[in-house]
Amino acid sequence: MTVIKAQAALAKGAALEDFSYQPEELGPNDIEIEISHCGLCHSDIHLIDDSWSRSKYPQVPGHEIVGTVGAMGSAVKHLELGQRVGVGWQRSACLECDLCLGGEENLCPRQQATCMGHHGGLADRIRIDGRFAFALPPDLDSAAAAPLLCGGVTVYAPMRRYGIGATSSVAVIGIGGLGHMAIRMLRALGAEVTAFSTSPDKKPEALAMGAHDFASSTDAREIRKHFGRFDLILSTVAARLDWTTYLQTLRANGTLCLLGIPPGMIMQFPPSLLITGQRSITGSDIGGRAIIREMLRFVTRHGVVPQIQRMPMVEANAALTRLRQNQVRYRLVLER
Ligand code: NAP
Ligand code: ZN
């Protein structure tokens, strides 16, 4: 009998405890990964806290997984035993609908998340559909690769969707796990980057990562200085912000793209701002398999790796506390 040893929250908001479970039998397309690293994304905290009212307990978080293939089903041809792979937020999809066939498996109505309704990567092993495991470029360090698989593709996909390049001006709100990867990728794409943050101490590092400008994300006077400047704003914060002022920092036809979900049911701004200047508000949900593969090639070619702090996986609770307190610089990766 196979038993997977993991760490789980047994109730909403609870500290993680040792937890073992028996995985489902390996299907023909499935693989078992022996996990070496798992990044901690803020979505793991939303899952532990049931922020989205969709968590099931025991909740094993962790969806920025790197490890090696330990077992595989009979239909898996693209991977080999012992091969190093990465897995992000998504563990499967139907692979038959128009969205899947168009490369947007992340939008598939039957898509399944790695650690929502399933047990995630804070564990010694995991079983998932092998078609959602990505071979990692040999030059990419395993710990540095982990955060790319969720956070990395989440910021990269909208840059590509909105055609960001060397003449673009882009704002990044929140310089955490997602935000710092966004700055580095945007700089590699040649864009002008402005970082908005609540943490003045992050300024020197944000500038060193490639931001041209750094401003307070909550002081309207500072935000106003950027009126009419941005083609794209990537908001990586799960907080209520002054959207009216931010919308006015967009150029004509500019886009405010939400990656973090602001709390509550209502987002307030004058609708006239969507007409004058033809501004848009949208969101972006991780990325499909093709864009994940493209992102891995992009970061390898341009040497754009996350700035990580490593901790042993057994110290996951201490790591979660640091993430909750906004003390991480800039992504925590747990190692087994
Ligand atoms: P993170 O590392 O904690 O970074 C979030 C940053 O937001 C913080 O570092 C902080 O940056 C800023 N912040 C925190 N509280 C704030 C507040 N009250 N007001 C303004 N800014 C605040 O989190 P992450 O892992 O990057 O994830 C960010 C969000 O993206 C999470 O909500 C997560 O669920 C979501 N997410 C979405 C997707 C998707 O597919 N759309 C994928 C992954 C994650 P400063 O110190 O610079 O202010
Ligand atoms: Zn994530």
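Let me confirm something: among Ala75, Ala113, Ala93, Ala133, which residue is in contact (Cβ under 8 Å) with a residue 12 or more places away in the chain and within 16 Å of ligand 2 (Cβ to nearest atom)? Step through it out loud before you land on a result.
On the way: Ala75 fails: within 16 Å of ligand 2 (Cβ to nearest atom); Ala93 fails: within 16 Å of ligand 2 (Cβ to nearest atom); Ala133 fails: within 16 Å of ligand 2 (Cβ to nearest atom).
Step by step, each of Ala75, Ala113, Ala93, Ala133 is checked, and only Ala113 is in contact (Cβ under 8 Å) with a residue 12 or more places away in the chain and within 16 Å of ligand 2 (Cβ to nearest atom).
Name the one entry in Gly102, Gly82 that is away from ligand 1 (no atom under 16 Å from the Cβ) and at positive phi. Lay out the reasoning, then the answer.
Values: Gly102 fails: at positive phi.
Matching residue, one of Gly102, Gly82: Gly82.
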* Asked: Residue check: is Phe196 over 27 Å from Glu104 (Cβ atoms), aromatic (Phe, Trp, Tyr), modelled with pLDDT of 95 or more and under 21 Å from the mean Cα position of the chain (by Cα)?
  -> yes
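Can you tell me which of Ala143, Ala123, Ala171 is buried (at least 24 other Cβ atoms within 10 Å of the Cβ), modelled with pLDDT of 95 or more and closer than 24 Å to Leu79 by Cβ?
Details: Ala143 fails: buried (at least 24 other Cβ atoms within 10 Å of the Cβ); Ala171 fails: closer than 24 Å to Leu79 by Cβ.
Unique residue meeting the criteria: Ala123.
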* To do: Could you name every one of the helices (runs of 4 or more DSSP H) located completely within the range 198-284 that has at least 3 residues being crowded, with 20+ Cβ neighbours inside 10 Å?
  => none
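This table checks each residue for (1) under 12 Å from Ile292 (Cα atoms); (2) free of Cβ contacts under 8 Å to residues at least 40 places away in the same chain; (3) not small (Gly, Ala, Ser).
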position: Cys97; (1), (2), (3): no, yes, yes
position: Gly117; (1), (2), (3): no, no, no
position: Ala143; (1), (2), (3): no, no, no
position: Met159; (1), (2), (3): no, no, yes
* Gly163 fails exactly one of the following numbered conditions: (1) touching a residue at least 24 places away in the same chain (Cβ under 8 Å); (2) more than 11 Å from ligand 2 (Cβ to nearest atom); (3) more than 19 Å from Glu335 (Cα to Cα); (4) not aromatic (Phe, Trp, Tyr). What is the number of that condition? -> (1)
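Rundown of residues vs (1) within 23 Å of the chain's Cα centre (by Cα); (2) away from ligand 1 (no atom under 15 Å from the Cβ); (3) modelled with pLDDT of 95 or more, yes/no style:
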residue: Gln7; (1), (2), (3): yes, yes, yes
residue: Ala15; (1), (2), (3): yes, yes, yes
residue: Gly39; (1), (2), (3): yes, no, yes
residue: Ser43; (1), (2), (3): yes, no, yes
residue: His46; (1), (2), (3): yes, no, yes
residue: Lys56; (1), (2), (3): yes, yes, yes
residue: Gly62; (1), (2), (3): yes, no, yes
residue: Ala71; (1), (2), (3): no, yes, yes
* Asked: Where residues in the range 178-197 are outside any strand (DSSP E or B) and charged (D, E, K, R), which of them is surrounded by the fewest Cβ atoms within 10 Å (Cβ to Cβ)?
  -> Arg187
* Structure fact -> Note on Gly287: of the conditions (1) in contact (Cβ under 8 Å) with a residue 60 or more places away in the chain; (2) small (Gly, Ala, Ser); (3) farther than 15 Å from Gly152 by Cβ, unmet is (3)
* Asked: If you go through the range 254-265 one residue at a time, do you hit one that is at pLDDT 95 or above, in contact with an Asp or Glu (Cβ under 7 Å, 6 or more places away or on another chain) and closer than 21 Å to Leu241 by Cα?
  -> yes
* Asked: Among the listed residues Ser51, Ser36, which satisfies the condition of being closer than 25 Å to Leu323 by Cβ, of a type in the set (S, T, N, Q) and either away from ligand 2 (no atom under 16 Å from the Cβ) or outside the structural domain of Arg310 (by TED's automatic domain parsing) (or both)?
  -> Ser36
* Given (1) more than 16 Å from ligand 1 (Cβ to nearest atom); (2) at pLDDT 95 or above; (3) not small (Gly, Ala, Ser), number of the condition Met1 does not satisfy -> (2)
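The values are calculated or read from the model by the stated rules, or taken from the named source; none is laboratory data. Computed from a prediction, not measured in an experiment: that's the story for all the values here. No Cβ is skipped: glycine too gets one built from the backbone with ideal geometry, and neighbour counts run over all protein chains shown.
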